[in-house]
Amino acid sequence: MAGGTIGTGWYDLIQDLTALFNDDQKRARFAVVFKKKHGKNGNGSDDGSAKPYKFGQFADQFGDDPQDRPLFRGDNSRGQFLLDSGTRHWDSSVELLELAIKQSLTRVKSDGTDWPKRIKFVSAADPNATKARAEIKVSTTAASGATSDQPLVTAEAINSAVASDDLVTITIVCPPANLRPRP
């Protein structure tokens, strides 16, 4: 599953995340379920009933609503995702990926109503990579109408971009697939 090419588990998951984060109603439901499982800020709850968010510990659980198709097509792909989404298989950018998703799903308007941020997910492959990485950017439009992409490499930059109306894109760059024998 670690590879990012068409027909692999990561490619399929990235397509599903893009569809989820681009649909206002699905994103809103996703945010509600996310907050129930990870607390209103995604950092868990004081009483311990909600665990802090980690990338691999939520995507595998979404899809309980009959309106939503599960993000994984079976126990094998879910199990492989949990293995591949761990820090052993990612560079340090997984922390920024988690922050961008968490900030998106916990964003609220000034009146306190939920307002989860739309995020575009893109799949890319790097034949020389040994670990997956996330490249996060924001697309801004100047007064002249010209657009530019700015990489988001700090927590502060991500927080600012998520609070804005500008498009945030997360490119998940995967190493070559680690072909494992099927059980």
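Any read-out appearing in this document is the output of simple, stated calculations on the displayed coordinates, not a laboratory observation. What you are looking at is a predicted structure, and each value in this text was computed from that prediction instead of being measured. Every residue, glycine among them, receives a Cβ derived from its backbone with ideal geometry; neighbour counts consider all protein chains shown.
Stretching Arg107 away from Asn22 to a fully extended chain increases their span by 29.1 nm, per 0.36 nm per residue minus the current alpha-carbon distance. Distances between placed amide hydrogens fall under 5 Å for Ala50 paired with Ser45, all partners being 5 or more residues away or on another chain.
If you plug the beta carbon distance of Val32 and Asp165 into 1/(1 + (r/R0)^6) with R0 = 35 Å, you get a FRET efficiency near 0.95. How charged is the neighbourhood of Asp91? Take every other residue with its Cβ under 9 Å from the Cβ of Asp91, and add Lys/Arg as +1 and Asp/Glu as -1. Counting the neighbours of Asp91, the net charge comes to +2.
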